[in-house]
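Everything below concerns the one structure shown next.
The values are calculated or read from the model by the stated rules, or taken from the named source; none is laboratory data. Remember, predicted model here, so these are calculated numbers, not experimental data. All Cβ positions, even for glycine, are placed from backbone atoms using ideal geometry, and neighbour counts span all protein chains on display.
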Amino acid sequence: MGLMTARDVSQIIDVLSDKLGTTADQIFSVLTAQAKIYAIKGAFFCIAYLAFIILTAVFVHRFFLKKSCEIKQYGGAKRVTVFSKLADNEETGACAALSVIGVLLVAISFVMVVVIDSIASNIINAIFNPEFWALDYLLENFI
């Protein structure tokens with residue numbers, strides 16, 4: 001598809017308004033008002049995603065990185081993580097479960113970092129330039 005002109009966008013909005021039985025101005029005013037709502041919802045999602053990422057970091061730190069307890073050995077004390085203590089006791093099921101949970105949480109967290117970047121960009125557009133957000137929304141969803 002080639003570059004779209006302002007005339008092409010205008011025609012798309014006109015066709016959409018004909019199908020919805022309203023005017024192009026009304027559609028555009030509704031979408032610019034919706035930009036504020038989108039920004040608020042997006043901010044809540046970003047906060048939830050950040051909370052998930054923080055909880056993942058705490059989980060990984062607690063079970064895999066933190067020196068949480070000491071075990072007395074032959075020549076002295078060995079500092080270990082919860083995970084390594086489980087491994088020393090050969091609780092294979094618990095170690096496997098912790099490993100799988102840790103890997104999944106970290107993978108999901110990396111995906112959320114990418115998603116947050118996209119959402120944050122759209123939030124900024126919706127707050128500071130709702131007309132652009134509305135036009136982008138139309139182009140993205142109806143072309």
Inset, instruction - Determine the pairs where a residue that is farther than 12 Å from Leu65 by Cα and assigned to a strand (DSSP E or B), located within segment 75-88, has a partner that is of a type in the set (A, V, I, L, M, F, W, C) and at pLDDT below 65 with Cβ atoms under 6 Å apart, the partner being 6 or more residues away or on another chain. - result: Lys78/Ile71
Legend entry - Filter pass, Cys95 being modelled with pLDDT under 80, surrounded by 12 or more Cβ atoms within 10 Å (Cβ to Cβ) and in contact with a helix residue (DSSP H, G or I) (Cβ under 6 Å, 6 or more places away or on another chain): yes
Inset, instruction - Determine the pairs where a residue that is closer than 13 Å to Thr32 by Cα, located within segment 122-143, has a partner that is acidic (Asp, Glu) with Cβ atoms under 8 Å apart, the partner being 6 or more residues away or on another chain. - result: Asn125/Asp136
Inset, instruction - Determine if segment 17-38 includes at least one residue that is part of a helix (DSSP H, G or I), within 19 Å of the chain's Cα centre (by Cα) and among the aliphatic types (A, V, I, L, M). - result: yes
Inset, instruction - Take Ile47 and decide whether it is in a helix (DSSP H, G or I), hydrophobic (A, V, I, L, M, F, W, C), surrounded by 14 or more Cβ atoms within 10 Å (Cβ to Cβ) and at pLDDT 80 or above. - result: no
Inset, instruction - Return only the number of the condition from (1) modelled with pLDDT under 70; (2) part of a helix (DSSP H, G or I); (3) basic (Lys, Arg) that Lys67 does not satisfy. - result: (2)
Inset, instruction - Scan segment 103-143 for residues that are surrounded by 12 or more Cβ atoms within 10 Å (Cβ to Cβ) and either outside any helix (DSSP H, G or I) or touching a Gly at 6+ places or on another chain (Cβ under 9 Å) (or both) and jot them down. - result: Ile119, Ala120, Asn122, Ile123, Ala126, Asn129
